[in-house]
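See below for the structure under consideration.
Values in this text are rule-based calculations from the coordinates and carry no lab data. All figures in this text were calculated on a predicted structure; none of them were measured in a lab.
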Amino acid sequence: MMNDGQRMQFTFPVGYHDFHKSQVFNFQLNRWLSFGYARLEDMQEAGQRINSFAEWKTEMVRQADKAVSEGRLMNATFYYRAAEFHTFEEDPDKEQLYDRFAWLFNRVFRDEGIERVDVPYEEAFLPAMRVRPVSGPPRGTILDARRIRLVYRGVLLLDVVLRHPWLRSDRFRGPGQARRAARTVWRWTTAGRSR
């Protein structure tokens with residue numbers, strides 16, 4: 001994949017693998033691999049060691065720590081995210097795992113043209129990430145404000161890899177979706193509706 005400081009290179013794998021007898025775990029292991037964030041051999045190894053959600057967290061953290069020690073920071077980034085993904089809200093590790101993911105994401109992808117912007121909302125701002133088109137001014141914008149945190153950083157990378165020649169991509173988390181954000185109810189406004 002890439003080491004810290006290298007330009008991003010993705011190899012999108014093809015196919016669906018039998019990593020685990022449980023379809024829940026098998027799907028999740030294939031999910032991280034299919035986005036190009038994980039190595040095949042890491043998912044094969046993880047599939048042999050996971051038998052519960054508690055073991056999922058332990059194994060994905062182990063895979064992340066191993067990837068860090070080997071300089072595979074993009075893999076490590078998404079292994080921490082995979083560990084956090086199936087960690088229950090009450091678990092004190094959940095926020096720490098997400099913070100590790102976010103910190104590594106910002107470090108690994110700092111040179112990939114991802115711009116941080118603030119979207120005004122009521123009395124505050126929503127954090128957003130923007131990927132500009134390959135060349136020239138944008139002639140349109142892909143706006144994504146889904147709830148799932150993976151979209152915010154994970155799917156954003158697809159925008160970087162598959163960068164469109166003239167579309168801009170803006171992805172953000174709406175009110176109440178960030179743990180530290182004030183809990184508010186999403187209301188569509190005229191400014192938020194597609195026209």
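Points to keep in mind about this one:
- Tensor-based shape of the range 73-133 (alpha-carbon gyration tensor, a/c under 1.5 rounded, otherwise prolate or oblate): oblate
- Reach of LYS21 by Cα under 20 Å, taken over aspartates and glutamates that are not fewer than 8 positions away in the same chain: GLU41, ASP42, GLU45, GLU55, GLU59
- Divided by 2.2 N^0.38 Å, where N counts the residues, the Cα radius of gyration of the range 16-132 comes to 1.17.
- The range 52-117: relative contact order as a whole-number percent, Cα under 8 Å and 6+ apart: 30
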